[in-house]
Structure formats: structure tokens, C-alpha cells
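A quick write-up on the structure given underneath.
The values are calculated or read from the model by the stated rules, or taken from the named source; none is laboratory data. Being a predicted model, the structure only gives us computed values, none of them experimental. Cβ coordinates were reconstructed from backbone atoms using ideal geometry, including for glycine residues, and neighbour counts include every protein chain displayed.
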Amino acid sequence: MKKVKDTLKKMGEKSNSGIKKAGLELAKEKMTKEGYGMVGDHSAVKVCLWTKHSIRGDRGCWKEKFYGISSAGCCQMTPSLFHCENKCLHCWRDLTYTFNKSIENPDDPKKILDGIVAVRKDLLMGFKGREGIDMKKFEEALEPKLYTLSLSGEPTLYPRLGEMFAEIRKRGAVSFLVTNGLNPEVIRNLSTLPTQITVSTNAPNEKLFLKWHRSTKKEAWNVFNETLDVIRGLGRAPSGIPSEEGKVRRVIRLTLVDKGKEGKFKDMTNMTEENVGEYCDLIRKAEPDFVHVKGYKSVGYARPRMGYDNQPWFEAVKEYALKIEKKLEDYEVAAEDERCCVVMLKRKGGIDLKIDKV
């Protein structure tokens, strides 16, 4: 609180809005120290651990293995740094400053992307000249080929999201949207779709959903289910969208958490035997192209809530994925990555995993 008061004094602010501004400035300062690059009023970028591995000559993450897109050229970013309706138990972000409403006076998408690329280059320059660096990968990293909107906050609260996807397409790059599924009308009305939409489906029933996501959105469970209907519709006939831009890959992502012995919510789990059938019902509702079954990682600000013991081993994640596969006749295990603790199910006879077009 003392830091907030000191910041307020410097800013000459005394109102509630002044307190908010001071808090945000402190949050941005803290995140900058944690490796985030700030862009404009509400956007940010960070160099992913797997991007660093790739530049050092190591292999990339599961996205590279599954989809064929170099981890070096993957840009993890957000156009909605502090905006999200949920305060999920497994979230690794700092949830102190989280606003649940759409962004007012949003920055221009082109300026955001230009800023993201420029700031990311600055963050990457420390690698240049280091011993053992793969210079080809380093050069790839400077001009992103994949923009993943998943770094922090809820991207669908950025009002100019469709314009941002259109701009990414103009740059010859791929875009991934990861969403909590609480703004179906935004997804339904996107002027341009991303290359891939992933809906985080971490709670298979309403009771667990409310406890897990701690959402401020009214009727959050019903709204989430509406999004699954929208996702199913995108795979059939995206009305009013030009054919080239109407193509979108659809994903349901499960982040599995096991019971543990530490943390405030150590007993919380979303991977019981009963949950298997409930997840399958949601997957059938959405009819996605892919299902990602991932293991939770106790990192960042999630640690006090859920500790290391809540992390399922890869063997448990794969076993759970196989149980889901057994109940879903239309899906089969298509890929896995033990290092990233993820298993992918693919619709039989569906689209290819590899992405060869924007």
C-alpha cells in the first residue's frame, strides 16, 4: 500500500481513478521486471521459455511438434493485459489488477502489433552473440510467424479483435486465439477469424465451473455452453465471412489438475472418473477439430493456490486422454509430448495437424 501511496503522490492523484492508475503503474513496473514488454495502454508481450530453448538450439514446444510452426517464431502476446472475467484457480498470472469489462478506448491493432514486434526484438537482443545460439532461429524469432493471444487476460474483451486477426493475416502470419468462452457474441461476430480458436474447458460441470473459475460473469456456465454452440457452428457454415478468412481450426483444451497436499485449494481436482463422461458431453457439443489434454503446472501466482503435488504426471494425463478417446468414437490420439505434458486427440478423417496456410 505504501508503494501505491508514493506513486499517487508522484502523480498528484487522490481520486479512486487515481488509485487505479497508480496500482496499474505498479503492476506494469512489476511485470516489466518479470520479463513482460509493455505496449500501449493494455497490451504486452513476453518471450516464451520454448522460444528461448529453440534459439539456443534445443527443440521447441508441442505446438512446433504438432503443428509444424517454429517455436522461435511464436509470439506470445495479449491485447488485454489486465482484463478478464475470471480469477481461475490454476492461473499463473497476477490477478490483483483484473478488470472484467471490455476495454474502453482500445489501441489501434496495427500499432499494437508493430509495438509487439519492436518490443519483442528488444527482449530478444540479449541472445545475440551468445555462445551456442542458433542464428537461423534467432532471425526467425525477430519476425513472428505465429501470434498466440494467450499471455494474460481475456482477448475477446479487446473490441478490435477481428481487425487484429486481419492485420496478422496481412503479415503472412498465423494467429491463435485462446479464450475462456465467456463472450460468444464476440466470436460469432468476428469480422475476420483467427487461424485457430482454443476454448479453455477446465471444469466439466456447473458446480465445479463456478468454484474453479470464480467468474464475475452472470450465468457464466450457460454463457460458456453457448460458446461451444458457436464453435460447432464455425465448423459448418460461417455465415457472412469470405471463404478464405472463414476457415478456422477449433480446439477444446483441458488443463488437468490432480489432488495434492499443499496450497489453499490442494483438494480441488478436475480429473475424476465421473468427469470423463462430462468432458465428453462438452466435446460432443462443440465438435472441435482437436482436443488438447494438458497437465497443470504449478508456476507463477498459481503456486499458493495449487502446489506441485497438484501436477499430474504425463502417464496420468495420457491415461485420462485414452479414457476420453474410448468414449468418443469420432476421435483418436494423434500426437503427444511428454516434455510439455500434453496429448492431442484429433477428429477421425478431419483436417491435418500441420498448418501450411495462414
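Is there a residue being buried (at least 22 other Cβ atoms within 10 Å of the Cβ) and not small (Gly, Ala, Ser) anywhere in region 346-357?
Checking region 346-357: not a single residue is buried (at least 22 other Cβ atoms within 10 Å of the Cβ) and not small (Gly, Ala, Ser).
Under the condition of being in a loop (DSSP other than H, G, I, E, B) and among the β-branched types (Val, Ile, Thr), which residue from region 236-264 is modelled with the highest pLDDT? Full working, then the answer.
So in region 236-264, the residues in a loop (DSSP other than H, G, I, E, B) come out as 236-248, 257-264.
Narrowing further to those that are among the β-branched types (Val, Ile, Thr): 241, 248, 257.
Details: ILE241: 41, VAL248: 93, VAL257: 96.
Going through the qualifying residues, I end up with VAL257.
State whether one or more residues within region 314-326 are among the hydroxyl-bearing types (Ser, Thr, Tyr), farther than 25 Å from ASP94 by Cβ, part of a strand (DSSP E or B) and in contact with a strand residue (DSSP E or B) (Cβ under 7 Å, 6 or more places away or on another chain).
Scanning region 314-326 turns up no residue that is among the hydroxyl-bearing types (Ser, Thr, Tyr), farther than 25 Å from ASP94 by Cβ, part of a strand (DSSP E or B) and in contact with a strand residue (DSSP E or B) (Cβ under 7 Å, 6 or more places away or on another chain).
Looking only at residues that are in contact (Cβ under 8 Å) with a residue 60 or more places away in the chain and of a type in the set (Val, Ile, Thr) in region 291-323, which one is farthest from ILE351 (Cα to Cα)?
Only one residue fits best here, namely VAL299.
Suppose we keep only residues that are without any contact (Cβ under 8 Å) to a residue 24 or more places away in the chain and not in a helix (DSSP H, G or I) within region 208-235. Which one would you say is surrounded by the fewest Cβ atoms within 10 Å (Cβ to Cβ)?
Of everything passing the filter in region 208-235, LYS218 is surrounded by the fewest Cβ atoms within 10 Å (Cβ to Cβ).
Give me the pairs, please: first residue somewhere in region 48-59 and touching a residue at least 12 places away in the same chain (Cβ under 8 Å) and in a helix (DSSP H, G or I), second residue anywhere and acidic (Asp, Glu) and surrounded by 15 or more Cβ atoms within 10 Å (Cβ to Cβ), beta-carbon distance under 9 Å, and either six or more positions apart or on two chains.
So the pair list comes out as TRP50/GLU64; SER54/GLU64; SER54/ASP134; SER54/GLU140; ILE55/ASP134; ILE55/GLU140.
Would you confirm, using the coordinates I've provided, whether GLY153 is closer than 27 Å to GLY37 by Cβ, modelled with pLDDT under 95 and assigned to a loop (DSSP other than H, G, I, E, B)? Working first, answer last.
Values: closer than 27 Å to GLY37 by Cβ: yes; modelled with pLDDT under 95: yes; assigned to a loop (DSSP other than H, G, I, E, B): yes.
Here the answer is yes, as GLY153 does meet what is asked.
Any idea how many residues of region 107-143 are assigned to a loop (DSSP other than H, G, I, E, B) and either on the phi > 0 side of the Ramachandran plot or modelled with pLDDT under 95 (or both)?
8
Which of the residues that make up region 40-64 are over 18 Å from the mean Cα position of the chain (by Cα) and surrounded by 17 or more Cβ atoms within 10 Å (Cβ to Cβ)?
Result: HIS53, SER54, ILE55.
Would you mind stating whether CYS84 is within 28 Å of GLU163 (Cβ to Cβ), modelled with pLDDT of 90 or more, out of contact with any Cys (no Cβ under 8 Å at 6 or more places or on another chain) and surrounded by 22 or more Cβ atoms within 10 Å (Cβ to Cβ)?
So CYS84 passes the test.
Would you pick out the residues in region 60-73 that are closer than 14 Å to ILE168 by Cβ and either modelled with pLDDT of 95 or more or part of a loop (DSSP other than H, G, I, E, B) (or both)? I'd like the intermediate steps shown before the answer.
The initial filter retains those residues of region 60-73 that are closer than 14 Å to ILE168 by Cβ, namely 69, 73.
ILE69, the sole residue that qualifies.
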